[in-house]
1. Can you give the percent of C-alpha pairs in segment 211-318 whose distance is more than 23 Å?
2. Please report, in debye to the nearest 20, how large the charge dipole of the chain is about its Cα centre when each Lys and Arg carries +1 at its beta carbon and each Asp and Glu carries -1 there.
3. From the convex hull of the Cα coordinates of the chain, what is the mean projected area in square nanometres?
4. Every cysteine in the chain with no other Cys Cβ under 4.7 Å from its Cβ, please list them in numeric order.
5. Using 1/(1 + (r/R0)^6) with R0 = 22 angstrom and r between the beta carbons of residue 227 and residue 38, what's the FRET efficiency to the nearest 0.05?
6. I'd like the Kirkwood hydrodynamic radius of segment 334-407, using the inverse of the mean 1/r over distinct C-alpha pairs, in Å.
7. Determine the shape class of segment 92-132: with a ≥ b ≥ c the square roots of the Cα gyration tensor eigenvalues, call it rounded for a/c under 1.5, and otherwise prolate if a/b is greater than b/c, oblate otherwise.
8. If you stretched the chain out fully between residue 410 and residue 281, how much longer would it get, using 0.36 nm times the residue separation minus the C-alpha to C-alpha distance?
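FYI, it's all coordinate maths here, none of it is from the lab. Source: prediction; values computed, not measured. Here Cβ is always computed from backbone atoms with ideal geometry, including for glycine, and neighbour counts include all displayed protein chains.
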Amino acid sequence: MLELGMSLPGLQQRASAIAELPALGVLTLAGMTPEPWTCSYRGTSEVCEQSIERILADKPDLVAISALTASIEEAYRLAARLRAHQIPTIIGGLHASACPEEAETWCDSVIVGRGESVWPQVLQDVLAGTLQRRYVVPLNTMPLWPMPRFDLLSQTPARFTLQTQAGCPLACGFCGASRLLSRFAEKPVERIREELAVIQRLMPRPLIELADDNTFAGSRDVNPLFDALQDARARWFTEADWRIGERPEILQRLASSGCQQVLMGIESLVFRYPGMGEKQAELNRIMNAVDAIQSAGVAVNGCFIIGADGETAQSLESLTEFLLNCSLAEIQVTLQTPFPGTSLYRQLQSEGRLLVERGWSAYTLFDVTYQPDCMTVEDLEAGFRNVLRRVFSASATRRRNQIRRRIRNTARSNSRTN
Ligand code: SF4
């Protein structure tokens, strides 16, 4: 899209912020790896020919890899190279948990689910030379919440990641996050405080991306969590669904506890995904909630999915008009992507609509990976590009920048009156 002349400022910023986030999964496993083991960590951007050569020279006892679908082929190639030098590899994460048979063909071992509860066993097996092909963690296993080894990062990241909960109580049909790794569980606030203290030692006024799928979706009292974030002087970003805009106890404290932006899935305007539960509502109600959040001094980044069943050239035009005129401070527009392990994937697979020849590397959220029901693949690709070109034009971006400035001013004047 950059080649087509689209600068997509908001999307680029968000993409690079996400790409630089520390990988919490492997840092957490490092955190529960006891002495005399030693660990080192390479973020995605640090994996290059030179660093691979160093790993080959160091000959570690084990390399643990985590990768999302779009980069899984790179991860497999890395694993194959390490294995060719007799360095054992173990892989985990959403994609490997959804496709363990595939992952097993590339790596010595696969962890299905959250790895913490099997990690001590994995380490024991490595020492004994009996690494198993697959370690399966039952979905209802309670997370152990070990402390991630942030000290392994080679440099202080722009943002730290912190999980306050695992999974999501909802089950939107396109989403694997809520079901593949563990059941929904909330991290005790005392544990969150300990983690914040560690992060604060590295960044006194930390910038934090909550690595939650849907913060506040549980039923616990939100005040202790807000207290912890506020006491740490954190500036934080998170993902939540629109219902927080109808909860005064959240609106009262969101901005003052340091929340800068909430990413919110408004999803498809033409298709009602199964499993959305109470998240499914009339657009008016959702936008009233957005306005309430923004009036409380926090910007909302509304996320929209293009290409669900029922999408047509007309519906893309309506979406564009809506996005050009709505009150959202930021927007994210991506193509429907049937990630493995989701009910959407199973549906499209059973209907023979997956474009498997495009490979996992096309699962970027910006490439069409299935046959749409009311459009050709080419028309959907062109329609998507056209929506992006219009909603990320200079004037549309300027308009959203103004909305964000107004929200920042509201937050400032609210904090003065409090
Ligand atoms: S609300 Fe968000 S995290 Fe929860 S299932 Fe839906 S898309 Fe996934």
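1. Values: 1766 of 5778 pairs.
Here the tail beyond 23 Å accounts for 31 percent of pairs.
2. Working: 43 positive and 47 negative charges, 292 e Å.
Computed charge dipole of the chain: roughly 1400 debye.
3. Details: hull surface 81.2 nm².
For the chain, the mean projected area of the Cα convex hull comes to 20.3 nm².
4. 39, 48, 99, 107, 168, 259, 303, 326, 374
5. Numbers: r = 36 Å, r/R0 = 1.65.
It comes to 0.05.
6. Details: mean 1/r = 0.0707 Å⁻¹.
One decimal place: 14.2 Å for the Kirkwood radius.
7. Values: a/c = 3.74, a/b = 1.44, b/c = 2.59.
Cα axes put segment 92-132 in the oblate bin.
8. Details: separation 129, 0.36 × 129 = 46.44 nm, distance 2.73 nm.
That works out to 43.7 nm of additional length.
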